[in-house]
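Report on the structure given below.
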Amino acid sequence: MENQVAIVTGGAQGIGLAAARLLIEKGAKVVSWDIDASNGDAMAALGGNAFAVDCDITDLSSVEAAYKRTCEAAGIPSILINSAGIAGPNEPLDTYDPEAWRKIIDINLNGTFYVNRVCVPGMREQGYGRILNVASIAGKDGNPNASAYSASKAAVIGLTKSLGKELAGYDIAVNCVTPAAARTRIFDQMSQEHIDYMLSKIPRGRFLEVEEAAKMIVWAVSPENSFTTGAVFDLSGGRATY
């Protein structure tokens, strides 16, 4: 991955930061797109090949501006890891706050669309690219009291499959992962009851480690992944077997 340029959305913490760290170790330049105030410090800690760009992925103009800054700072990206997302509240559907629903869909789904949309042309022009969208086991199984999150992540899976087929004629792989829960700041958005529910559904009996997720993700965006596209890589600890 020497000298490849990778965009990681949500790179300030959690799975995104773990993936960014591993990409740096493999020789890539990493640009983290995030609105988190810690983004700059997180990238500075990774060294001179890591860059921080403020980006609101729900705003197409912000995404376009971030892409332009990325190209100026590091070069045309050949890798995209779309990790930014939120969980939202845990409520039954019939009492779910419509504004919270819109926010979750806007970040998790519309944001994924905008980021993929902006990054694809440069990859197509180069004839090479790797895209990895972070979905969730909730997108496969559906979590109770998390309708917006489950729906948004199911849609990310569908978007990934569609785009993978669109770009199959190029050396561009578009895949997604469906992680079970990992102990990141996303837990701050969840009730303890919901956290306990998620753990109870994982046959391995523990939460996912972000470093485990990073290893699968970084392989999926590597040149070694030369054939698989439009696929869903499972990271659920045995919860889903398809």
Given the candidates Val120, Ser136, Pro92, the one whose Cα lies deepest towards the positive end of the charge dipole of segment 80-185, counting +1 at each Lys or Arg C-beta and -1 at each Asp or Glu C-beta, is Val120
Toy charge model, Lys and Arg Cβ at +1, Asp and Glu Cβ at -1: the chain dipole around Cα centroid in debye, rounded to 20, equals 600 debye
Going from the fewest other Cβ atoms within 10 Å to the most, one would list Tyr67, Tyr149, Tyr242, Tyr170 as Tyr242, Tyr170, Tyr67, Tyr149
Exposed trypsin sites (Lys or Arg not before Pro) being those in a DSSP loop with at most 15 other Cβ atoms within 10 Å, the longest stretch of the chain free of them is 27-182
Two pseudo-spin positions, 7 Å from Cα along C-beta at Arg183 and at Ser226, lie apart in nanometres by 4.0 nm
Kirkwood Rh over alpha-carbon pairs of segment 1-82 plugged into Stokes-Einstein at 10 °C, 1.306 mPa s gives a D in µm²/s of 132 µm²/s
Once Glu72 and Glu193 are pulled to full extension, the length gained, defined as 0.36 nm per residue separation minus their Cα-Cα distance, is 39.0 nm
Looks like segment 135-242, by Cα gyration tensor root eigenvalues a ≥ b ≥ c and the a/c under 1.5 rounded cutoff (else prolate when a/b is bigger than b/c, oblate otherwise), is prolate
The extension gain from Glu212 to Glu25, computed as 0.36 nm times the residue separation minus the Cα-Cα distance, is 65.8 nm
Rounded to the nearest 10, the angle in degrees between the Cα long axis of helix 14-25 and the longest principal axis of the Cα atoms of the chain comes to 30 degrees
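If each residue's Cβ is checked for other Cβ atoms within 10 Å, how do Cys119, Cys71 rank with the fewest at the top?
Starting with the residue having the fewest Cβ neighbours, the order is Cys71, Cys119.
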Subtracting the Cα-Cα distance of Ile35 and Glu64 from 0.36 nm times their residue separation yields 9.0 nm
The simple spin-label model distance between Arg102 and Asp141, using points 7 Å out along Cα→Cβ, in nm, is 3.2 nm
Count of lysine pairs, segment 5-235, Cα-Cα under 24 Å, sep. 8 or more residues or interchain, comes to 17
Between the Cα axis of helix 60-73 and the main Cα principal axis of the chain, the angle (0 to 90°, nearest 10) is 40 degrees
Listed with the fewest Cβ neighbours within 10 Å leading, Ser200, Ser162 appear as Ser200, Ser162
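Values quoted throughout were computed directly from the atomic coordinates according to the rules given, and no laboratory measurement underlies them. Model, not experiment: these values are computed from the prediction. Ideal geometry is used to build each Cβ from the backbone, glycine not excepted, and the neighbour counts take in all protein chains shown.
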